[in-house]
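Worksheet: the structure to be examined is printed underneath.
The values are calculated or read from the model by the stated rules, or taken from the named source; none is laboratory data. Everything numeric in this text was worked out from a predicted model, so none of it was measured. All Cβ positions, glycine included, derive from the backbone under ideal geometry; neighbour counts span all protein chains shown.
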C-alpha cells in the first residue's frame, strides 16, 4: 500500500489505464503543477477536485479512453480511504525533516 496520496493515485491510474508507472506519475505531476499544487502536500479534497476538473483533459491528450470515468473511479478510491491517512504520513515526514534540520 502506498505511503503517500500521490503514489496511491498514480498506482491506481496505472492499474486502470495503459499508462506505465512513469507516464502515470508524470501525467499527475503535470496536472498538479498546472493547478499550482505540490505532489507532497496535495490533500484528498484537492486531488478529488483536480481529478474532476483538470485530469480528464490531460488524460485524453495522452490517449486514455474514458478518462472521465477513470477519474471518477479514482475519486471514489481516494474518498474510500480514511480522511487522516495522508495527513499522518505528512506529519511523520515533517518530524523527520525537523530532526534532520531541514
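Being crowded, with 19+ Cβ neighbours inside 10 Å and touching a residue at least 40 places away in the same chain (Cβ under 8 Å) is the filter here; which residues of segment 45-69 pass it?
Residues satisfying the conditions are 47, 51, 59, 64.
Consider residue 41 against the criteria (1) at pLDDT 95 or above; (2) within 13 Å of residue 6 (Cβ to Cβ): it satisfies all of them except one. Which criterion is unmet?
Condition (1) is where residue 41 drops out.
The rows are residues; the columns are (1) in a loop (DSSP other than H, G, I, E, B); (2) closer than 17 Å to residue 81 by Cα; (3) in contact with a helix residue (DSSP H, G or I) (Cβ under 7 Å, 6 or more places away or on another chain).
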residue	(1), (2), (3)
3	yes, yes, yes
7	no, yes, no
10	no, yes, yes
15	no, no, no
19	yes, no, yes
25	no, no, yes
29	no, no, no
46	no, yes, no
57	no, no, no
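So which residues in segment 66-92 are on the phi < 0 side of the Ramachandran plot, outside any helix (DSSP H, G or I) and modelled with pLDDT of 95 or more, if there are any at all?
none
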